[in-house]
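Peer 1: I'd like to ask some things about the structure below.
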Amino acid sequence: MRNIYLSLIALFLLTASDGHAQENIVGNLEVIHAQVERTGDRLQVNFTLDGSGLEIRPNDQLKIQPVLIRRQDTVRLPYILLPGTIRDKMNRRMARLYDEETLFSDPYLTVVQDKYRNPVVDYRQSLPFEDWMYGSRLELMQEVYGCPGCYKKLAVVALDRLAPVYAPRAMFIVPEAEAVKKREEQVTAYIHFVVARYEIQPDFDNNAAELAKMDRLTENILHDKNTAPTAIRLTGYASPEGTYAYNTRLSQNRTEAMKNYIADKFHPDPSLFITHSVPEDWEGVRRWVEASDIPYRTQVLDIIAHTENPDARDAEIRALDGGATYRMLLHDVYPSLRRVDYKIDYTVVPFTVEEGKRILDTKPRQLSLNELYLIAQTYPKGSPEFNRVFQTASELFPDDPVANNNMAAVALEQGNLQAARAYLERIRNNPIAFNNLGVLLVKEGRVREAIPYFQKARAAGSAEAAYNLQDIESKE
């Protein structure tokens with residue numbers, strides 16, 4: 001929407017009376033609320049002219065014609081005629097005498113200034129929309145006519161422009177099928193032992209709940225017809241109190257006890273077991289202290305970093321502030337370090353699309369990225385089911401470039417530009433993201449910045465990028 005003042009002050013034109021320049025039109029013609037917009041398959045051209053500040057000599061007339069222009073394409077719309085009183089009579093007489101179209105026949109509207117105290121014209125035109133009209137501009141051509149044959153063009157005035165509407169195509173990538181679907185599941189169990197003992201007692205302290213986590217994981221993998229375990233990994237950790245030699249034996253014995261617990265209860269192939277132990281989890285202590293604000297934080301971190309012998313390290317921390325820091329660590333930190341990390345590596349059989357649909361809601365981790373993609377293709381593009389499958393894929397494979405690109409494509413088609421940018425930022429330097437980065441920029445109104453991304457994506461073989469470049473070019 002714009003208000004435009006057409007300054008027509010003191011224009012000098014040739015007249016028939018004496019051949020000298022005389023003042024023919026004085027004042028201002030105001031254009032109000034000029035607008036060009038597409039509505040369905042029609043183009044609407046609207047503006048309002050206010051000629052109340054304009055004076056036209058009786059023998060002259062002003063012809064104002066809206067024109068839609070883009071490159072070589074032009075559409076001239078019906079014009080408005082503002083004749084002086086004598087010129088208006090002459091036009092009417094010419095039409096009656098010759099009974100034919102004249103130069104000024106059939107205007108959109110004729111406004112004779114003397115007949116209207118406030119000559120205001122509401123101009124409304126609707127015409128079939130054509131693709132070339134994107135990017136076109138609406139201009140007013142002004143022509144002043146005096147005596148027969150006396151004529152002068154005035155400055156063309158730009159009113160509005162039909163901004164291009166782009167519909168860039170996001171790019172979905174087909175993930176490669178996994179030759180072998182390798183997976184892993186892991187839990188951490190905080191098993192409590194009687195002091196100086198390593199036998200597992202399920203009814204001691206919170207052991208029942210911790211063992212239940214391991215049981216569920218083992219049951220899910222070992223007894224599922226779709227999975228085949230390839231390794232059972234156990235890593236036992238001990239806290240730093242006591243001597244390093246003692247903790248070494250204790251952590252090894254406790255790890256072995258966990259192995260025996262699983263073997264006795266589930267009877268897996270013994271060759272699957274891989275066991276490790278960490279006698280004193282100083283790395284766990286360091287992480288906790290580093291994230292804390294305890295008074296002797298700097299001293300404890302310095303001891304951990306520079307005292308290599310574990311027993312000497314333990315003794316130096318005991319000596320700080322009369323043992324207060326050590327007692328705090330012993331009570332608040334060390335219990336959480338006594339644990340077993342339990343991980344099962346396994347493979348999963350391949351699934352047909354229909355089989356994959358059946359396990360999507362119950363065991364989605366068994367599906368590959370390629371299987372999830374094929375499931376999504378069975379739903380209408382953009383449907384809730386289609387989008388949900390890609391959302392699941394991005395959650396299961398958060399670091400995978402293809403999963404991030406495809407979820408960005410879903411977000412772009414939903415109009416969620418913030419989410420699309422978040423996914424694309426993870427892979428912005430990966431060529432597979434270039435087309436969708438371009439789409440994001442177009443939707444943000446940054447068309448010029450999008451073009452290099454589309455060009456690089458097209459060079460890599462993206463049909464979507466080729467279409468997007470052509471669409472931009474055709475509408476510029």
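Peer 1: Collect the residues in the range 173-228 that are basic (Lys, Arg) and outside any loop (DSSP other than H, G, I, E, B), keeping them in residue-number order.
Peer 2: Within the range 173-228, Lys181, Lys182, Arg183, Lys213, Arg216 qualify.
Peer 1: Follow-up question, since we're still on this one. Of all residues in the range 130-181 being among the small types (Gly, Ala, Ser) and within 25 Å of Asp41 (Cβ to Cβ), which is surrounded by the fewest Cβ atoms within 10 Å (Cβ to Cβ)?
Peer 2: Here the answer is Ala167.
Peer 1: Restricting to the range 231-246, name every residue that is in contact with a strand residue (DSSP E or B) (Cβ under 9 Å, 6 or more places away or on another chain) and either over 26 Å from Gln366 (Cβ atoms) or buried (at least 16 other Cβ atoms within 10 Å of the Cβ) (or both).
Peer 2: Correct list: Ile232, Arg233, Leu234, Thr235, Gly236, Tyr237, Ala238.
Peer 1: Of the conditions (1) acidic (Asp, Glu); (2) modelled with pLDDT under 95; (3) over 30 Å from Lys182 (Cα atoms), Asp341 fails just one. Which one is it?
Peer 2: The failed condition is (3).
Peer 1: Give just the number: which of (1) modelled with pLDDT under 95; (2) acidic (Asp, Glu); (3) in contact with a helix residue (DSSP H, G or I) (Cβ under 6 Å, 6 or more places away or on another chain) does Glu371 not satisfy?
Peer 2: Exception for Glu371: condition (1).
Peer 1: In the range 38-62, which residues are part of a loop (DSSP other than H, G, I, E, B) and of a type in the set (S, T, N, Q)?
Peer 2: Matches in the range 38-62: Ser52, Asn59.
Peer 1: When you look at Thr248, is it in a strand (DSSP E or B), under 30 Å from Met328 (Cβ atoms) and polar (S, T, N, Q), yes or no?
Peer 2: no
Peer 1: Hey, another quick one. Which one is farthest from the chain's Cα centre (by Cα) among residues in the range 41-65 that are crowded, with 22+ Cβ neighbours inside 10 Å, within 22 Å of Lys89 (Cβ to Cβ) and touching a residue at least 60 places away in the same chain (Cβ under 8 Å)?
Peer 2: Asp60
Peer 1: Go through (1) without any contact (Cβ under 8 Å) to a residue 60 or more places away in the chain; (2) over 9 Å from the mean Cα position of the chain (by Cα); (3) part of a helix (DSSP H, G or I) for Ala422 and report which single condition fails.
Peer 2: Every condition holds for Ala422 apart from (2).
Peer 1: Residues to consider are Ile344, Ile375; find the one that is surrounded by 20 or more Cβ atoms within 10 Å (Cβ to Cβ) and not in a helix (DSSP H, G or I).
Peer 2: Exactly one residue qualifies, and that residue is Ile344.
The values are calculated or read from the model by the stated rules, or taken from the named source; none is laboratory data. This structure is a prediction, so every number in the text was calculated from the model and none was measured. All Cβ positions, glycine included, derive from the backbone under ideal geometry; neighbour counts span all protein chains shown.
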